[in-house]
2 protein chains.
Amino acid sequence: MRKQYMHPIEVTLDVVCGKWKGVILCHLQEEGILRFGELKKRLPGVSQKTLTLQLRELEEDGLVNRKVYPQVPPKVEYSLTEYGTELEATLEMMCEWGINHHDKVGPNSDSQLIEKPN
Amino acid sequence: MRKQYMHPIEVTLDVVCGKWKGVILCHLQEEGILRFGELKKRLPGVSQKTLTLQLRELEEDGLVNRKVYPQVPPKVEYSLTEYGTELEATLEMMCEWGINHHDKVGPNSDSQLIEKPN
DNA sequence: TGGTATAGTTACCTTTTTGATACTAAGGAG
DNA sequence: CTCCTTAGTATCAAAAAGGTAACTATACCA
């Protein structure tokens, strides 16, 4: 089933709009290579299944590499493809806007950015 | 219910990730002011209800203005807020990436960008 | 008197997305 | 033996998102 996009921004949004996809990409961008379990730790609240699914979709869309080491227990490493890195500038802009938006809506708003624990 | 974001990019994605929100923002960016019906023409396939909902959410998030003229039949104009325009550069980057992505995946892919009819 | 126009709202359904939970493979540690 | 490890799958349930169709208000036109 061939998807029909009416506007180029839909292509990008399609690829980035999963509940965890943006954050996954940001972490891979910051840290380079991450194993499945490491990624999971950085996304408090994802279920196993959902994380797997989001990663598979990112892989299908050509944004992340999946490197499987043939060993038990399994070891799988994820990283951005060269192609995924072309999205970095965009992701950074989105982060900046997010920070400003949060500042702007201020303490009375109904949204809140959580600080990372050390 | 206060939303808890773990990462600033979630703030932005939250605001932009509706099925039609990105395209709506792009059209408002290109054309300035659009009435409900004009917007609807530019989004082949949206339902009345969904378009209304997407616009309401964009309004709540402070990205678009809604100007109601007290007349019958009703006339309502939508435009970007100053705040929404701060997202323009980001939206443009997303469009560019979308175009390149589409080019890259090429004619064998299962996605397709439709040309606007005149 | 009846039809047209615009920007909705409402009730009801279907599809899509996400979550919770339990299960698996195969080697090493105790 | 038995348990622990990791990166999954499978199954079932719940929630979120979106779609369809019908209805509204009020002025104007024929």
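Things worth noting here:
- Computed 3J(HN,Hα) for region A:72-78, one whole-Hz value per residue from the Karplus formula 6.51 cos²θ - 1.76 cosθ + 1.60 where θ = phi - 60°, is 10, x, x, 9, 10, 10, 10, glycine and proline marked x.
- Inter-part distance where region B:38-91 and region A:77-106 are each reduced to a Cα centre, Å: 25 Å
- Dipole magnitude for the protein assembly as shown: about 1080 debye, using +1 per Lys or Arg Cβ and -1 per Asp or Glu Cβ, origin at the Cα centre.
- Between the amide H of A:Ser111 and those of B:Lys3, distances stay under 5 Å, these residues lying 5 or more places away or on another chain, with hydrogens modeled in the peptide plane.
- Highest GNM mean-square fluctuation among A:Val72, A:Val15, A:Val46, for chain A modelled with Cα contacts below 10 Å: A:Val72.
- Counting every other Cβ atom within 10 Å of each residue's Cβ, B:Glu60, A:Glu38 order from fewest to most as B:Glu60, A:Glu38.
- Per-copy distances of the A:Gln112 label point, shortest first, in nm (7 angstrom along Cα→Cβ): 4.9
- Chain A: most fluctuating residue of A:Gln54, A:Gln29, A:Gln71 per GNM, C-alpha cutoff 10 Å: A:Gln71
- Vicinal HN-Hα couplings computed from phi for region B:3-9 (Karplus, 6.51 cos²θ - 1.76 cosθ + 1.60; Hz; Gly/Pro x): 7, 10, 9, 8, 8, x, 5
- Extension gain (nm, one decimal) between A:Ile99 and A:Thr52, 0.36 nm per residue minus Cα-Cα: 14.1 nm
- J(HN,Hα) series, region A:54-65, from Karplus relation 6.51 cos²θ - 1.76 cosθ + 1.60, nearest Hz, glycine and proline x: 4, 5, 4, 5, 4, 5, 4, 7, x, 8, 10, 8
- Shown for B:Phe36: label points 7 Å from Cα along the beta-carbon vector, and their distances to the equivalent points in the other copies, 4.9 nm in ascending order.
- Rotation relating A and B, chain B residue nearest the axis via C-beta, angstrom: B:Cys17, 2
- Under conditions of 25 °C and 0.890 mPa s, chain A yields 155 µm² s⁻¹ as its translational diffusion coefficient, taking Rh as the Kirkwood radius over Cα pairs in the Stokes-Einstein equation.
- Fraction of beta bridges assigned by DSSP in the protein assembly as shown that are antiparallel (%, nearest 5): 75 percent
- About its Cα centre, region A:7-118 has a charge dipole of approximately 700 debye under the convention of +1 per Lys or Arg Cβ and -1 per Asp or Glu Cβ, with nothing else charged.
- B:Ile33, B:Ile99 arranged by Cβ crowding within 10 Å, fewest neighbours leading: B:Ile33, B:Ile99
- Converting the Cα gyration tensor eigenvalues of the protein assembly as shown into ellipsoid dimensions via √(5λ) gives semi-axes, longest first, of 33, 23, 14 Å.
- Taking amide H as placed 1.01 Å from N in the peptide plane, B:Asn65 has its amide H under 5 Å from the amide H of B:Ser79, B:Leu80, B:Thr81, each at least 5 places away in sequence or on another chain.
- Across the copies of the chain, A:Val76 has label points (7 Å from Cα along Cα→Cβ) spaced 4.5 nm apart, shortest distance listed first.
Every number here is computed from the coordinates shown, using simple stated rules; none is lab data. Predicted model only: the values in this text are computed from it and were never measured. Note that each Cβ is placed from the backbone with ideal geometry, even for glycine, and that neighbours are counted across all protein chains shown.
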